[in-house]
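The values are calculated or read from the model by the stated rules, or taken from the named source; none is laboratory data. Small disclaimer: the values here were computed from a predicted structure and weren't measured. Here Cβ is always computed from backbone atoms with ideal geometry, including for glycine, and neighbour counts include all displayed protein chains. Protein only, heavy atoms only, side chains kept; ligands, DNA and RNA dropped before computing areas. Shrake-Rupley method; radii C 1.70, N 1.55, O 1.52, S 1.80 Å.
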Amino acid sequence: MDQVRYDDGWWIPEFPDGDLELGLRDGMYAGIGGLAHVLAEIRLSREWTAREQELADAIAARIQASVRTTSDITFFNGLVSAISVLTALGAPGAGEAVARLLALSTPDGWPQDFLTDPARYLPGARVHDVAVGSAGVLLGAVWARRHGIEGVEELARVAAAVLLAEREEAKAGANWRWVPQRFTTNDWHSPNFSHGVAGVAAAFALAGAEFARPDFVEAAVDGAEHLVSLGDTSDGGFRVKTRVPGIEDVEPFSYGWCHGPTGTSLLWPALRHAGVSEVAGVDVADWHRRCLHSLRVSGLPERKYPGFWDNDGRCCGTAGVGDVLLDSGQHTDFALHLADVVVERAVPDGSGVCWRFVEHRNDDPLLPPGIGWMQGVAGIAGFLFHAGRVEQGDLRSVPRMDTWWALGG
């Protein structure tokens, strides 16, 4: 709260005494939109203070205004983010975001302005993952439908048609890359939730259930079949490399929401929600259990060696792992242990506390304290509010666009 600034409407910097690009200030990743999600956590724990209510109103007003002009469509910073922020606050305006997404659509997806490296991406490159691409739009359409917003059937149809056209046949099932092969010189892809087939398959499963489209569910199963073929199950768990094929000098496995079993675990309850019982002859509940087992035995949250588990945030770190475990209702003892560790790592800062992640390759390995939802104090605070409720016997979770189907197992 002490970091909120008022010189361009209400906004937050990425770090104290820092800045944040104008195009990112509305988003839920590092921008003011992310504070809507911690406010939703607070609302399950206690009533908002007058200052928090004022903040909620200011966030809603800012996002409602931005919907009319933004061309960013992404889950993290654009129109899909706006849907998640406004619904988290119970504020109107998500319908305008749906209409804007439809207006910006093209037959092969939504234009992107950040794929600027000509050595890696061809002109007109499209992105189709959950975090910044077409699968995120499909996920947003499902969430909007569940909030009674009109026009979402057409949005889901457009997003799904784009994804189905970008299907890549695999030895087992099908694959979706974040950027299709026809647009990139990269020979690798990231299979996990945020940028790969796990997230695309989850979005297809949920959309198939929501819109009664068995072809979407079939696509989800095909994606899951391919994902399973890439996985390591050697210790009774399930984990998939961050990149396939792997590259030298990069840790092969991650364990967070973005590239690890934390996020990938969300695929299996999505399939179950769509009526799928098995993938590759194994119950989807067992694949889910295996993902959580991989988290439990990975060694986190200990910083076992330089580069392993240097992050306590929601995207790639401890808060994200703990929150997904609390949502699942499994390994609650471990999730509360993670909350204890996060509390121990808190750094006093002015009137409150912050967290500083580590980049071991830097001369000064301690990074400045992040503020936002995915990589900062807002997301960590949200996890701790959740853990505090669970410790007191209140097992409720806040349903969000990226988790609602996985609550309670």
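Pairs of Cα atoms nearer than 8 Å and 6+ residues apart set the relative contact order; for region 193-317 it is 27 percent.
Computed extension length for Val343-His147: 67.1 nm, one decimal, from 0.36 nm per residue of separation with the Cα-Cα distance subtracted. Which GluC sites (Glu not before Pro) does region 33-134 hold that lie in a coil by DSSP with at most 11 other beta carbons within 10 Å? Within region 33-134, the qualifying GluC sites (Glu not before Pro) (loop, at most 11 other Cβ atoms within 10 Å) are Glu47.
Quick check of the Kirkwood formula: for the chain, what is the inverse mean of 1/r over all pairs of different Cα atoms, in Å?
Averaging 1/r across every pair of different Cα atoms and inverting gives 21.2 Å.
Calculated mean residue ellipticity at 222 nm for the chain: -13500 deg cm²/dmol, from DSSP H runs with n ≥ 4 weighted as -39500 (n - 2.57), summed, divided by the residue count and rounded to 500. Accessible surface for Asp349 stands near 70 Å², nearest 10, in the context of the full protein assembly shown (1.4 Å probe). Centroid-to-centroid, using Cα positions, region 37-74 and region 266-282 are 33 Å apart.
Taking Cα centre as origin and charging only the Cβ of basic (Lys, Arg, +1) and acidic (Asp, Glu, -1) residues, the dipole magnitude of the chain rounds to 640 debye. Summing Cβ point charges (Lys, Arg +1; Asp, Glu -1) relative to the Cα centre of region 1-128 gives a dipole of roughly 420 debye. The Cα atoms of region 43-201 cover 55, 32, 28 Å along the three principal axes, with the biggest extent listed first. Would you work out the relative contact order for region 324-399, in percent, from Cα pairs under 8 angstrom that are 6 or more residues apart? Result for region 324-399 is 24 percent.
Positive-end ranking of Val324, Pro301, Val276 along the dipole of region 272-409, with charges on Cβ about the Cα centre, is headed by Val276.
Taking all Cα pairs closer than 8 Å and separated by 6 or more residues, the relative contact order of the chain comes to 15 percent.
When Lys and Arg each count +1 and Asp and Glu each count -1, what net charge do the other residues less than 14 Å away from Phe75, Cβ to Cβ, add up to? Within the 14 Å Cβ shell, the charges total -2. Putting +1 on Lys and Arg Cβ atoms and -1 on Asp and Glu Cβ atoms, find which of Thr184, Ser194, Phe216 reaches farthest to the positive end of the dipole of region 155-222. It is Thr184, whose Cα lies furthest towards the positive end.
Taken about its Cα centre, region 199-243 carries a charge dipole of roughly 220 debye when the Cβ of each Lys and Arg holds +1 and the Cβ of each Asp and Glu holds -1. The GluC sites (Glu not before Pro) found in region 319-409 that occupy coil by DSSP, while having at most 15 further C-beta atoms within 10 Å, are Glu359.
Qualifying GluC sites (Glu not before Pro) in region 148-248, where qualification requires a DSSP coil assignment and no more than 16 other C-beta atoms within 10 Å, comprise Glu150, Glu248.
A simple spin-label model places pseudo-atoms 7 Å from Cα toward Cβ; at Thr332 and Gln392 they are separated by 1.5 nm.
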